[in-house]
Amino acid sequence: MDKTYDPHAIEQRWYETWESRGWFAPRGEGRPYCIMIPPPNVTGSLHMGHAFQDTIMDALIRYHRMRGDNTLWQPGTDHAGIATQMVVERQLEAEGLTRHDLGREQFIERVWQWKAESGGTITRQLRRMGASLDWSRERFTMDEGLSAAVREVFVKLYEDGLIYRGKRLVNWDPVLHTAVSDLEVVSEEESGHLWHMRYPLADGSGHLVVATTRPETLLGDTAVAVHPDDERYRDLVGRTVRLPLADREIPIIADEYVDPEFGTGVVKITPAHDFNDYAVGQRHKLPMINVFTVDAAMNDQVPEKYRGLDRYEARDVIVHDLQALGLLEKVEDHRLMVPRGDRSGAVIEPFLTDQWFVRAEPLAKPAIEAVETGRIRFVPDNWKNTYFEWMRNIQDWCISRQIWWGHRIPAWYDEAGNVYVGRSEKEVREKHGLGDTPLRQDEDVLDTWFSSALWPFSTLGWPEQTPELETFYPTSVLVTGFDIIFFWVARMIMMGLKFMGDVPFREVYIHGLVRDAHGQKMSKSKGNVLDPIDLIDGIDLESLIRKRTSGLMQPQMAKKIEQQTRKDFPDGIPAFGTDALRFTFAALASTGRDINFDLGRIEGYRNFCNKIWNAARYVLMNTEGRDCGIDGGDMVFSVADHWIRSRLAQATARVREAVDGYRLDLAAQAIYEFTWNQYCDWYLELSKSVLSDEAASPEAQRGTRHTLITVLESLLRLTHPLMPFITEEIWQRVAPLAGRGGETIMLAPYPEADESQINDAAIAEMEWVMTFILGVRKIRSGMNIDPRKKLPVIVDPAGEEDRKILERNRQYLINLGRVASIEILAEGGEAPESATALVGKTRLFIPMAGLIDKEAELARLKKELDKHRTEWERAEKKLANPGFVEKAPEAVVAREREKLERLTTTIRELKEQLARIERI
């Protein structure tokens with residue numbers, strides 16, 4: 001093996017081997033285990049959320065594959081209607097063209113061309129993460145098979161009365177010219193105004209003052225409303241007002257929707273431009289007047305003066321005209337929630353238009369029951385409450401989008417406007433006997449989430465009854481973020497139950513967000529985004545700055561991000577490799593919680609990879625070409641051999657239990673502790689005492705070599721789902737020596753937790769040995785004794801059993817403790833002035849005379865004590881200051897308290913050390 005671990009030398013090579021050999025495909029007669037990848041947008045590139053989520057899925061897949069399950073991880077990408085169309089339209093814009101210049105068919109061809117050239121970025125990056133998806137089954141939501149499934153579902157829902165077309169108020173994006181769902185609207189608080197306008201009573205007897213944040217919609221008002229219990233206005237209900245600037249009379253109505261405390265307690269009702277007003281209008285059978293065009297400009301329904309004005313230009317003109325007429329009472333500053341499209345950033349306009357809808361409530365009822373009865377389990381369990389809250393208040397789903405890229409709605413119209421729904425125009429003509437009647441297909445496409453809702457069964461071949469559908473549906477678990485419980489999870493459950501008669505998955509594992517080291521959400525505007533590929537390959541500082549600041553419009557923001565990046569990453573980001581990144585994600589994957597990602601963690605796990613690599617080099621140097629007892633021969637196993645096998649069995653049980661419970665963090669912790677703290681730090685060192693001891697028997701050395709190689713081989717299989725590359729590379733060298741056959745670790749059996757391997761006596765004996773050695777080491781470091789100097793030890797054993805343990809393990813104690821001699825204290829005897837340690841009830845004495853320069857050591861300790869006292873006084877003073885304790889962030893105060901406690905302990909220990917040395 002190479003002297004140092006270089007992930008780039010092995011990762012690409014092993015991934016190409018795994019994929020080309022077809023090892024990601026389902027195999028065997030085992031229990032089916034299937035995960036559907038949440039299909040990333042074809043426009044996308046891998047971000048930290050993807051990398052975290054895909055690490056979890058791949059760990060589960062590799063674990064179950066090694067357990068012998070018939071395992072499928074289904075890959076694919078989403079056509080991402082609006083996002084993809086925007087990318088291609090921007091390309092056209094750079095060429096001085098629009099999609100309308102090309103026409104629909106040519107534009108669609110251009111999108112397919114873009115996909116062929118640029119749409120594979122994220123799948124290449126998934127390969128870099130080691131994702132063992134069955135690429136031979138890769139699907140795309142616009143491929144012919146999935147498109148056929150979409151048409152089939154649409155037709156059947158329509159025939160069942162669950163899809164309808166109607167004029168409804170929708171969220172309209174005036175930039176993209178399409179309806180968008182509530183889930184694609186981001187509402188944030190912004191500064192605005194509240195205009196108080198006078199609406200004259202029609203009989204001339206006075207006026208009502210109406211408060212609004214949107215005076216530009218005044219021209220679409222069809223009523224003003226008051227609360228039925230509001231004494232101020234009760235006598236006016238049923239009368240009319242003259243609508244300013246419009247020369248129309250509109251009624252005064254009473255409705256409980258009105259908040260008497262807001263503004264004047266009188267509100268304008270504009271059913272065509274406000275969702276709440278729409279509901280009021282339905283209750284009172286009010287007319288709906290749409291005053292906007294698709295661009296959110298004023299249309300022909302308004303007086304000529306305002307036609308063609310943008311909505312905000314119209315606002316200014318309308319306010320000016322009201323003021324000129326003496327109808328503007330006052331204007332107040334006001335904070336309000338402003339809805340913007342998550343793709344375009346445009347302010348969304350409630351807009352009355354013809355759209356296609358799914359009648360959601362009949363589909364939601366069985367989907368709610370599936371979670372209530374436990375057929376689907378959320379992990380963590382509390383996320384089911386979020387699901388129930390949305391599902392029990394579900395609204396009909398607007399599924400039509402006014403764009404070109406996507407599944408075109410399978411509906412055709414004749415010249416009279418009659419609508420015909422079918423799988424194809426040919427089917428429509430035959431079914432309805434339309435002959436040569438001219439037909440035109442609906443121009444709209446389906447919401448991207450419509451096809452995504454069918455993903456668990458459409459990817460397996462539905463509507464055909466395929467062997468894959470029979471085998472892998474329902475799937476085992478869905479791994480996803482909480483942010484798409486409504487977008488995707490709920491809709492898959494509804495569609496799966498409707499068309500498959502069963503749930504799409506048994507469990508839903510909800511993971512948290514990946515945040516930066518300070519707990520901040522990663523975003524381009526904050527300049528704190530980490531790219532997983534940069535963490536794998538490394539990136540220099542200047543390239544990182546360019547990446548973080550490109551596309552930012554504000555020079556001041558770019559400068560601030562540059563300064564922060566230089567501070568956080570003065571040397572850029574080093575290459576950590578995929579395995580270190582994956583292990584970091586696993587170690588942070590506590591169910592459902594957001595994770596704070598900092599480079600300190602991944603650096604620690606890169607060191608862990610190095611530790612495994614170096615351990616393997618040591619093992620191979622001592623086992624390759626040697627007799628490891630695999631082919632027979634007597635073996636004698638030491639207490640250390642029994643101990644490490646016991647610890648391996650315990651670690652295996654913990655890892656399996658953790659993975660089965662979706663606690664990859666606990667699995668990673670168990671692997672790390674066993675590998676670093678037990679196998680590397682202790683067992684490898686203990687093995688040297690046997691292998692380098694000329695007096696050791698061949699049987700004992702054979703037993704140690706056998707233990708070294710077989711424990712390492714098991715450890716590699718235990719670790720493989722989390723760190724696939726390094727484990728495969730080492731396993732190829734180790735497995736033959738351990739008597740393990742097979743072409744790849746991927747298909748080797750996952751270690752079983754064998755309780756018969758746990759030897760409690762060996763564990764207890766080795767704890768005694770390790771405590772002895774640690775006691776000697778602590779005295780050595782505490783007294784600042786040269787680590788090379790061998791120390792005499794006097795032992796006062798607590799009993800005969802401790803005496804026997806000492807004699808059985810004398811060689812370990814001498815070698816690992818760097819001990820010159822071990823003497824047993826005579827019964828009733830007194831040890832000289834010594835540093836002491838306890839091993840259970842057995843006492844260790846290390847005589848100090850001659851071991852240290854007493855005066856120099858006293859001076860060193862006094863200097864150290866003075867430094868810590870100064871720090872203690874500073875921390876104590878800070879915590880005694882009420883201004884600090886009350887105003888500083890809670891976490892900062894807590895850290896200061898911990899620091900004070902730590903300093904108190906250190907000062908006490910230094911005083912004890914001084915007293916001991918002064919007695920010498």
Select from the stretch 128-185 the residues that are under 29 Å from residue 420 (Cβ atoms) and among the basic types (Lys, Arg) and write down the one among them that is nearest to the chain's Cα centre (by Cα). 151
Here is a list of conditions, (1) more than 23 Å from residue 126 (Cβ to Cβ); (2) open to solvent by 20 Å² or more (accessible area, probe 1.4 Å); (3) among the charged types (D, E, K, R); (4) touching a residue at least 12 places away in the same chain (Cβ under 8 Å), and residue 546 meets all of them except one; can you say which number that is? (4)
Looking across the stretch 500-529 at residues that are buried (at least 20 other Cβ atoms within 10 Å of the Cβ) and over 17 Å from the mean Cα position of the chain (by Cα), the single one that is farthest from residue 563 (Cα to Cα) is 503
Go through the stretch 291-334 and count every residue that is among the aromatic types (Phe, Trp, Tyr) and exposed (fewer than 13 other Cβ atoms within 10 Å of the Cβ). 1
Mind checking which pairs have a first residue in the stretch 706-727 that is closer than 23 Å to residue 660 by Cβ and free of Cβ contacts under 8 Å to residues at least 40 places away in the same chain and a second that is open to solvent by 10 Å² or more (accessible area, probe 1.4 Å) and not in a helix (DSSP H, G or I), Cβ under 8 Å, 6 or more apart or different chains? 713/738; 713/740
Conditions first: (1) without any contact (Cβ under 8 Å) to a residue 40 or more places away in the chain; (2) assigned to a helix (DSSP H, G or I). Residue 156 passes all but one, so which condition is the exception? (1)
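Okay, residues lined up against (1) within 30 Å of residue 49 (Cβ to Cβ); (2) of a type outside the set (Lys, Arg); (3) over 23 Å from the mean Cα position of the chain (by Cα); (4) open to solvent by 40 Å² or more (accessible area, probe 1.4 Å):
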position: 589; (1), (2), (3), (4): yes, yes, no, no
position: 598; (1), (2), (3), (4): yes, yes, no, yes
position: 607; (1), (2), (3), (4): yes, yes, yes, yes
position: 610; (1), (2), (3), (4): yes, yes, yes, yes
position: 619; (1), (2), (3), (4): no, yes, yes, no
Failed item in (1) assigned to a helix (DSSP H, G or I); (2) crowded, with 21+ Cβ neighbours inside 10 Å; (3) not hydroxyl-bearing (Ser, Thr, Tyr), with residue 404 passing the rest: (1)
Taking the stretch 340-349 and keeping residues in contact with a helix residue (DSSP H, G or I) (Cβ under 9 Å, 6 or more places away or on another chain) and either hydroxyl-bearing (Ser, Thr, Tyr) or open to solvent by 20 Å² or more (accessible area, probe 1.4 Å) (or both) leaves 342, 343, 344, 347
Please enumerate the residues belonging to the stretch 201-260 that are closer than 29 Å to residue 335 by Cβ and of a type in the set (Asp, Glu). 216, 221, 229, 230, 255, 256, 259
Within the stretch 452-497, which residues are of a type in the set (S, T, N, Q), open to solvent by less than 10 Å² (accessible area, probe 1.4 Å), part of a strand (DSSP E or B) and modelled with pLDDT of 95 or more? 475
Condition (residue is under 25 Å from residue 84 (Cα atoms) and either within 28 Å of the chain's Cα centre (by Cα) or among the β-branched types (Val, Ile, Thr) (or both)) applied to the stretch 468-477: is it met by at least one residue? no
Residue check, residue 74 modelled with pLDDT under 95 and in contact with a helix residue (DSSP H, G or I) (Cβ under 8 Å, 6 or more places away or on another chain): no
Give the residues of the stretch 744-792 that are touching a residue at least 60 places away in the same chain (Cβ under 8 Å), within 24 Å of residue 806 (Cβ to Cβ) and in contact with a Gly (Cβ under 8 Å, 6 or more places away or on another chain), sorted by residue number. 768, 771, 772, 776, 791
So, of the residues in the stretch 747-764 that are of a type in the set (Asp, Glu) and outside any loop (DSSP other than H, G, I, E, B), which turns out to be nearest to the chain's Cα centre (by Cα)? 755
Looking at (1) surrounded by 13 or more Cβ atoms within 10 Å (Cβ to Cβ); (2) among the hydroxyl-bearing types (Ser, Thr, Tyr); (3) in a helix (DSSP H, G or I), which is the only condition residue 905 fails? (1)
If you check residue 656 against the conditions, is it within 18 Å of residue 756 (Cβ to Cβ) and in contact with a Pro (Cβ under 9 Å, 6 or more places away or on another chain)? yes
The stretch 25-65, subset aliphatic (A, V, I, L, M) and touching a Gly at 6+ places or on another chain (Cβ under 7 Å), residue modelled with the highest pLDDT: 37
Which residue, of 875, 856, is touching a helix residue (DSSP H, G or I) at 6+ places or on another chain (Cβ under 9 Å), of a type in the set (Gly, Ala, Ser) and free of Cβ contacts under 8 Å to residues at least 40 places away in the same chain? 875
Are any residues in the stretch 92-132 without any contact (Cβ under 8 Å) to a residue 60 or more places away in the chain and touching a helix residue (DSSP H, G or I) at 6+ places or on another chain (Cβ under 7 Å), and if so, which ones? 92, 98, 102, 110, 114
For the stretch 435-451, indicate whether the set of residues that are part of a strand (DSSP E or B), without any contact (Cβ under 8 Å) to a residue 60 or more places away in the chain, in contact with a strand residue (DSSP E or B) (Cβ under 7 Å, 6 or more places away or on another chain) and not basic (Lys, Arg) is non-empty. yes
Please enumerate the residues belonging to the stretch 355-390 that are within 30 Å of residue 178 (Cα to Cα) and among the acidic types (Asp, Glu). 361, 389
Based on what the data block shows, is residue 13 basic (Lys, Arg), on the phi < 0 side of the Ramachandran plot, modelled with pLDDT of 95 or more and open to solvent by 10 Å² or more (accessible area, probe 1.4 Å)? yes
Give all pairs with beta carbons closer than 8 Å in which a residue from the stretch 660-689 that is within 16 Å of residue 763 (Cβ to Cβ) meets a residue that is open to solvent by 20 Å² or more (accessible area, probe 1.4 Å) and outside any helix (DSSP H, G or I); count only pairs at least 6 apart in sequence or on separate chains. 686/638
Out of curiosity, is residue 697 touching a residue at least 24 places away in the same chain (Cβ under 8 Å) and surrounded by fewer than 22 Cβ atoms within 10 Å (Cβ to Cβ)? yes
Just to be sure before I move on: is residue 878 among the basic types (Lys, Arg), assigned to a helix (DSSP H, G or I) and surrounded by 15 or more Cβ atoms within 10 Å (Cβ to Cβ) in the structure I sent? yes
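Determine, yes or no, whether residue 19 is open to solvent by 10 Å² or more (accessible area, probe 1.4 Å), in a helix (DSSP H, G or I), touching a residue at least 60 places away in the same chain (Cβ under 8 Å) and over 24 Å from residue 588 (Cβ atoms).
Judged against the criteria, residue 19 is a match.
The values are calculated or read from the model by the stated rules, or taken from the named source; none is laboratory data. Here the structure is a predicted model, which means the values were calculated and not measured. Neighbour counts run over all protein chains shown; Cβ positions are idealised from the backbone, glycine included. Only protein heavy atoms, including side chains, enter the accessible area calculation; ligands, DNA and RNA are left aside. Shrake-Rupley method; radii C 1.70, N 1.55, O 1.52, S 1.80 Å.
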